[in-house]
Amino acid sequence: MLNSVAGRDSDAGFWEWERDREGPFRWTRPRFALAAPAAPGPGRFVCLELASPLQGNSLTVQAGGKRSHLHLLQGWQVVDLRLTDATSVEFEVGLAFQAPDDTRALGLMIREVTFHDDPELHEIRRRRHANALLNSAEFAEGREQLASFPTHLRITMSKRCNIANEKPCVYCSWDWAKRMERGSPTFTPKFLSDMGQFMDLALAVNDCSYGEPPLEASFGEVVNMATQAGRTFEFTSNGQTLSKKKRDLLLGRPARVHVSVDAATAAGYNRYRDHRFELVVKNLRALCSERAAFGGLPEVFVSFIVMRSNRGEISDFLRLMKDVGVDRVTFRTLYVEDRLDTRRLVHHGWQFDYDAECLDADELSPIGEACLAEGLANDMAVSIEWDEFARNSGPAHDGTPICSEPWKTAYLLDRGIMPCCYGREAMIPWQDIDESQLESSLHAAFNSQPMVELRRDLSQGRLGKYCDRAQGCPIVKQMAKRPATQTSPPSRNRRRA
Ligand code: SF4
């Protein structure tokens, strides 16, 4: 941890500890230094989890009489440096940062520093960072064909669910998903490994199954693979399947478990799902308590889909989750265009009307503000998904494409190859993929004509045809609100493949 190395007299150039949404960090000065642990030898490395607030930044590293230069991404990233024979390492940040109303001379934000002796670990982190830099440059240029691999990988490791096998949750497009999955491969550890650089170079892996990952016999193996070299693995569970045996596979892993709850009481939960609310709360409490001895990992997030029938439960839900000990509550919304076979039904004696449950943007806006305020009042981190997606992946108004998803994320799902999470149709079906040459076939699909055309539209400041059919997408909604004459500027450096 940073506080074990950067708080010593021998380390210099750090400001005091601060905290952001993800945890503690320290600002460096534009020049800073770290002392390597005693008894240095060849093959020593240092790994830094750092963030640059500025685009186009770099770091000059002086260690053991050798000087090297490293380009940085904007935002948080992991860099791993070789320190052969060095007893100390000095850093100089290319672009110093001046924060508004802050007189300090700032360099980078650093959350964690770890020294290690593992050349394989160093090599995989070095390759991931180099690929991320190339991917970021290709996105900024609006490249239609990519030499890089996307930095985020979405997979589907499960096709079955303990709830849906009895009766799907009211808002789940279960039957549609199962039709879409027909003929798709099973995402075994071998299949994931055959994805090659899609898996190796991803900075984060997320599961997007219409299913329950912990039900799969290979769950532990996939968790190990997806969290390799400190990478984050995220998946969603209904929480009922997080038994002691499955929780043990997650302890100490850099995983993020999302548990969908959507209700503050057993009766509320039964309206949408089933009678096992107490089991979900019990499993969550156990996981939050057990992870304390494992560095607080995995992270535990719960989600609450805000609907007309449960919006009055938000305060109670936040209080309950504070008591359970989760890290964050994510508020989500129903997708307007979802592919439900039955939009009105009676579920455990309660009438559910999907369309009547959907809240429009004008209704969601004050609800989002109230959720944030309630989160503050309850000392609970809160995220508003319908705002954050557009903020993170949407138009930056700096000449880059208006959506980053088709560059930065590979949706290799059992429902097909998709360009984003709002897609309901496969851009490329699995029938077009040669599974005997999985990595190259997937890369060809990622650069195929439909993807190229979508990237062209987005880089020229307009939505693609695919987007027009994704009415649940926050970016599509945001673009629909703009005056007809307003377009985003085309990408910088219009260099094409
Ligand atoms: S629908 Fe279009 S704008 Fe929305 S996330 Fe997908 S590719 Fe991006």
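The values are calculated or read from the model by the stated rules, or taken from the named source; none is laboratory data. Predicted model only: the values in this text are computed from it and were never measured. Here the Cβ positions follow ideal geometry from the backbone for every residue, glycine too, while neighbour counts run over all protein chains shown.
So E405 ticks every box in (1) in contact (Cβ under 8 Å) with a residue 24 or more places away in the chain; (2) outside the structural domain of D274 (by TED's automatic domain parsing) but one. Which box is left unticked?
For E405, the exception is condition (1).
Condition (residue is assigned to a loop (DSSP other than H, G, I, E, B), crowded, with 19+ Cβ neighbours inside 10 Å and among the basic types (K, R)) applied to the range 118-141: is it met by at least one residue?
Within the range 118-141, not a single residue is assigned to a loop (DSSP other than H, G, I, E, B), crowded, with 19+ Cβ neighbours inside 10 Å and among the basic types (K, R).
Might you check whether a residue that is of a type outside the set (K, R) and over 24 Å from P474 (Cβ atoms) occurs anywhere in the range 303-313?
Taking every residue of the range 303-313 in turn, at least one turns out to be of a type outside the set (K, R) and over 24 Å from P474 (Cβ atoms).
Could you check the range 335-369 and list, in sequence order, the residues that are closer than 21 Å to A390 by Cα and surrounded by 15 or more Cβ atoms within 10 Å (Cβ to Cβ)?
Y335, D338, C358, L359, L364, I367, G368
When residues of the range 173-185 are filtered for being under 23 Å from the mean Cα position of the chain (by Cα) and exposed (fewer than 15 other Cβ atoms within 10 Å of the Cβ), how many remain?
Number of matching residues: 0.
Is it the case, given these coordinates, that L412 is part of a strand (DSSP E or B) and more than 10 Å from the ligand (Cβ to nearest atom)?
yes
Which condition breaks for D468 when tested against (1) over 14 Å from P406 (Cβ atoms); (2) surrounded by 17 or more Cβ atoms within 10 Å (Cβ to Cβ)?
Every condition holds for D468 apart from (2).
For the range 232-241, state whether one or more residues are farther than 30 Å from E369 by Cβ, part of a helix (DSSP H, G or I) and in the same structural domain as D355 (by TED's automatic domain parsing).
no
I'm trying to understand the selection: among the residues of the range 85-127, which are of a type in the set (S, T, Y) and either in contact (Cβ under 8 Å) with a residue 12 or more places away in the chain or not assigned by TED's automatic domain parsing to the domain that holds W27 (or both)?
T87, S88, T114
Contact list please: Cβ distance under 6 Å, first residue in the range 376-392 and closer than 12 Å to F304 by Cβ, second residue in a strand (DSSP E or B) and within 16 Å of the ligand (Cβ to nearest atom), pairs at least six apart or on different chains.
Correct list of pairs: E385/R332.
Out of (1) crowded, with 21+ Cβ neighbours inside 10 Å; (2) more than 13 Å from the ligand (Cβ to nearest atom), the odd one out for G399 is which?
(1)
Kindly indicate whether E278 is out of contact with any strand residue (DSSP E or B) (no Cβ under 7 Å at 6 or more places or on another chain), touching a residue at least 12 places away in the same chain (Cβ under 8 Å), surrounded by fewer than 22 Cβ atoms within 10 Å (Cβ to Cβ) and acidic (D, E).
Considered against the rule, which asks whether it is out of contact with any strand residue (DSSP E or B) (no Cβ under 7 Å at 6 or more places or on another chain), touching a residue at least 12 places away in the same chain (Cβ under 8 Å), surrounded by fewer than 22 Cβ atoms within 10 Å (Cβ to Cβ) and acidic (D, E), E278 comes out as yes.
Does any residue in the range 427-451 that is in contact (Cβ under 8 Å) with a residue 12 or more places away in the chain come within less than 9 Å, Cβ to Cβ, of a residue that is assigned to a loop (DSSP other than H, G, I, E, B) and of a type in the set (V, I, T) six or more places away or on a different chain, and which pairs are these?
L442/I433; A445/I433
Would you be able to say whether some residue in the range 425-432 is surrounded by fewer than 20 Cβ atoms within 10 Å (Cβ to Cβ), assigned by TED's automatic domain parsing to the domain that holds T330 and within 16 Å of the ligand (Cβ to nearest atom)?
No, because not a single residue in the range 425-432 is surrounded by fewer than 20 Cβ atoms within 10 Å (Cβ to Cβ), assigned by TED's automatic domain parsing to the domain that holds T330 and within 16 Å of the ligand (Cβ to nearest atom).
Could you check, for the range 335-354, whether at least one of its residues is of a type in the set (D, E, K, R), more than 16 Å from the ligand (Cβ to nearest atom) and farther than 25 Å from W174 by Cβ?
No, every residue in the range 335-354 fails to be of a type in the set (D, E, K, R), more than 16 Å from the ligand (Cβ to nearest atom) and farther than 25 Å from W174 by Cβ.
Quick check on this structure: which one of R247, R160 is assigned to a loop (DSSP other than H, G, I, E, B) and surrounded by fewer than 20 Cβ atoms within 10 Å (Cβ to Cβ)?
Step by step, each of R247, R160 is checked, and only R160 is assigned to a loop (DSSP other than H, G, I, E, B) and surrounded by fewer than 20 Cβ atoms within 10 Å (Cβ to Cβ).
Take the range 442-451 and flag every residue that is more than 24 Å from the chain's Cα centre (by Cα) and surrounded by 16 or more Cβ atoms within 10 Å (Cβ to Cβ).
If the condition is that a residue be more than 24 Å from the chain's Cα centre (by Cα) and surrounded by 16 or more Cβ atoms within 10 Å (Cβ to Cβ), then P450 is the only one that fits.
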